[in-house]
1. Surrounded by 17 or more Cβ atoms within 10 Å (Cβ to Cβ) and touching a Ser or Thr at 6+ places or on another chain (Cβ under 6 Å): does that describe THR179?
2. Count, please, the residues in segment 54-77 that happen to be among the β-branched types (Val, Ile, Thr) and surrounded by fewer than 19 Cβ atoms within 10 Å (Cβ to Cβ).
3. Can you say whether ALA203 is in a helix (DSSP H, G or I), over 21 Å from ASP44 (Cα atoms), of a type in the set (A, V, I, L, M) and modelled with pLDDT under 95, as far as the supplied structure shows?
4. For segment 215-226, which residues satisfy the criterion of being exposed (fewer than 15 other Cβ atoms within 10 Å of the Cβ) and in contact (Cβ under 8 Å) with a residue 40 or more places away in the chain?
5. Looking only at segment 199-214, decide whether some residue is of a type in the set (Lys, Arg) and either free of Cβ contacts under 8 Å to residues at least 12 places away in the same chain or within 22 Å of LEU38 (Cα to Cα) (or both).
6. Testing PRO233 on (1) touching a residue at least 24 places away in the same chain (Cβ under 8 Å); (2) outside any helix (DSSP H, G or I), one condition comes back false. Which one is that?
7. For segment 156-184, which positions are among the charged types (D, E, K, R), within 30 Å of LEU111 (Cα to Cα) and in contact (Cβ under 8 Å) with a residue 60 or more places away in the chain?
8. Here is a list of conditions, (1) within 26 Å of GLN41 (Cβ to Cβ); (2) modelled with pLDDT of 95 or more, and LEU156 meets all of them except one; can you say which number that is?
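The values are calculated or read from the model by the stated rules, or taken from the named source; none is laboratory data. Computed from a prediction, not measured in an experiment: that's the story for all the values here. A quick note on method: Cβ atoms are made from the backbone with ideal geometry, for glycine too, and the neighbour counts reach across all protein chains shown.
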Amino acid sequence: MPGDARQHYERLADTYDDNWAYSPGYVRWMAARIAEALDLQPTDRMADIGCGTGLFAREVADIVVPQHPLQCVDPSAAMLKQIDGFASLLPIQASAEDLAERRVRLPYVPLDAAWMKEAVHHLVDPAGTLAGLATLLAPGGRLLIVMLPASIEYPLFDAALRRYEELQPDPADIARHLTAAGLRTSLTYVEHRLTLDRERYLAMVRARYMSLLSLFSDEEIEAGITEIRARHPEPELSFPDRFAFILGRRDCVPPSPAEAAAPGSAR
């Protein structure tokens, strides 16, 4: 994770969960979709890579009740501090690159299941890092990348939406990286409709709840909030939150030469 993004999350750590407190149903919904996509079992050795405060890992652990501690990996010490006191979670300070390059070793490996939620866009070398993470999987192990699509329908200001589209990776490219890493890959989409008080959402924008918003100055954020108010006079905002789910699975047996030579599209 680049240093500026890491500093953003260090600043946000103490209030990060507050940004999502308006919708505990959303957090539970997302955790259930992750558990379902990965077919998580209590005996699985799991890792949430880029876990932040463990907000979603806590819900996954509550759903699955893992026999091994769920390994919560994040480069931010301030974020990981929020995990203290949860016996089912094991905080590990490391980046995805640290794991991929074996600079940090997880206590419960090889992994039966791992996921990255809205963190892949921070990778400097996504192809290389994802290939390294794929080597941590046991036969039959699964790696799930959860990310926003190439464009979003959030009620943000125009400059933020333009910057988002400039920076956001294409989920199809991430799927190709997992396929190139030797994983059997699929790409699907899930959607959840968010409805929240407009003033609450504006407070989240001001708090820079998305790392994207850390790219804007205080003055630009306030101008953006004025723009949002003018465009959305309604007291409640309702918009779709759509996510790409890119699932890679390590085969228990190597693919045949014909499969290995197949085009790089998700298969």
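1. Criteria met by THR179.
2. Summing the residues that are among the β-branched types (Val, Ile, Thr) and surrounded by fewer than 19 Cβ atoms within 10 Å (Cβ to Cβ) in segment 54-77 gives 2.
3. Yes.
4. Result: GLU220, ALA223.
5. No - not one qualifying residue is present in segment 199-214.
6. The number of the failed condition is (1).
7. Those that are among the charged types (D, E, K, R), within 30 Å of LEU111 (Cα to Cα) and in contact (Cβ under 8 Å) with a residue 60 or more places away in the chain: ARG176, ARG184.
8. Result: LEU156 passes all but (1).
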